[in-house]
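Note sheet for the following structure.
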Amino acid sequence: MENFTPISALLGGALIGVSVSLLLLLNGRMAGISGIMNGVFSAPKKEEIWRALFLIGLIIGAALFQFLTQGSLSVREDYPLWLIIVGGFLVGFGTRLGSGCTSGHGICGIANFSVRSISATLTFMASGMLTVFVLKYLIGAV
Amino acid sequence: MKTNLVALLAGIIFGLGLALSQMIDPNKVLNFLDVSGNWDPSLAFVMMGALAVTMVTFRFILKRATPVFEPDFHVSKQTIINKPLIIGAAVFGIGWGMTGYCPGPAFASLGLFSMEGALMVVAIYAGFFAERYLVRK
């Protein structure tokens, strides 16, 4: 239980909740990031603009926090790149096949009491935990 | 115009939330997924914080006939739990456990000039395109 940071986690989570709520209340859209990322290159032109702006906002938000806290977040540099390439591909493939990721299913879908989203969230949490167990303790890759 | 500004603002708030909660840090995420090791439950609190807000706001928002600036809500009405949903979620979880990144933190980490974050975003897009051509044809 080292590095347990419940207060900043709750507050950061609440900010995410506010963002998701604003996008739904004002624009009628669910802030599922995998869907937004995918839609930037596949939706009709007019539909691509808000998605691109949301994603630019994500970058600005992270950069702004780093600036305001004078670089409090460290950037990982020593991680095996093959895991990033293969894992990233699986994240892209899986979120499209499963129609959502941590935000779309885990936050929007659960708040909408969607049984699909609750099932998906339990599934990716379990498979994520199992994957870390296999990589770390059985294979020793990380 | 208004909807575009809303999207930008929502993105900024989301990015700040990912940074403040440290969910943007892939090692922190891996420590959450590492239940049998030195478990860090913080990520569960990120979800609880977000759900504490959305569980309340969604009740009021979805009672409205329309959103404020748009004619319709775009909310999934699918209710069937099928193979693509579960297989997709399981595959996503494997990738998440291999990297510590889900799509939001991967994209936001571009704001920290993370090289592996940029590689992650490219790999995610490769996965999107592969799914589109292999599964949807």
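Scan (1) touching a residue at least 40 places away in the same chain (Cβ under 8 Å); (2) in a helix (DSSP H, G or I); (3) under 18 Å from residue A:84 (Cβ atoms) for the single condition residue B:84 breaks and write down its number. The number of the failed condition is (3). Scanning region B:98-114 for residues that are aliphatic (A, V, I, L, M) and buried (at least 24 other Cβ atoms within 10 Å of the Cβ), we see that the one that is farthest from the other protein chains (Cβ to nearest Cβ) is B:106. Looking for something surrounded by fewer than 20 Cβ atoms within 10 Å (Cβ to Cβ), at pLDDT 95 or above, basic (Lys, Arg) and part of a helix (DSSP H, G or I) - is there at least one such residue anywhere in region B:28-40? Within region B:28-40, none of the residues are surrounded by fewer than 20 Cβ atoms within 10 Å (Cβ to Cβ), at pLDDT 95 or above, basic (Lys, Arg) and part of a helix (DSSP H, G or I). Criterion applied to A:42, A:103, A:72 was being polar (S, T, N, Q) and crowded, with 20+ Cβ neighbours inside 10 Å, and the one residue passing it is A:103.
Of everything in region B:41-77 that's of a type in the set (Ser, Thr, Tyr) and surrounded by 15 or more Cβ atoms within 10 Å (Cβ to Cβ), which residue is nearest to residue B:111 (Cα to Cα)?
Looking at residues that are of a type in the set (Ser, Thr, Tyr) and surrounded by 15 or more Cβ atoms within 10 Å (Cβ to Cβ), I get B:42.
Among the candidates B:95, B:117, B:127, the residue that is part of a helix (DSSP H, G or I), more than 7 Å from chain A (Cβ to nearest Cβ), surrounded by 21 or more Cβ atoms within 10 Å (Cβ to Cβ) and not aromatic (Phe, Trp, Tyr) is uniquely B:117. Residues in region B:98-114 that are among the hydrophobic types (A, V, I, L, M, F, W, C), assigned to a helix (DSSP H, G or I) and touching a residue at least 60 places away in the same chain (Cβ under 8 Å): B:108, B:112.
Somewhere in region B:5-26, is a residue within 7 Å of chain A (Cβ to nearest Cβ), assigned to a loop (DSSP other than H, G, I, E, B) and in contact with a Gly (Cβ under 6 Å, 6 or more places away or on another chain)? Checked against the condition, which is being within 7 Å of chain A (Cβ to nearest Cβ), assigned to a loop (DSSP other than H, G, I, E, B) and in contact with a Gly (Cβ under 6 Å, 6 or more places away or on another chain), region B:5-26 yields at least one hit. In region A:6-13 there is no residue that is more than 7 Å from every other protein chain (Cβ to nearest Cβ) and modelled with pLDDT under 95. If a residue must be without any contact (Cβ under 8 Å) to a residue 40 or more places away in the chain and closer than 12 Å to residue B:102 by Cβ, how many such residues does region A:103-121 contain? Qualifying residue count for the region: 2.
The values are calculated or read from the model by the stated rules, or taken from the named source; none is laboratory data. Values in this document were obtained by computation on a predicted structure and should not be read as measured data. Counting neighbours? That spans all protein chains shown, and the Cβs are built from the backbone with ideal geometry, glycine included.
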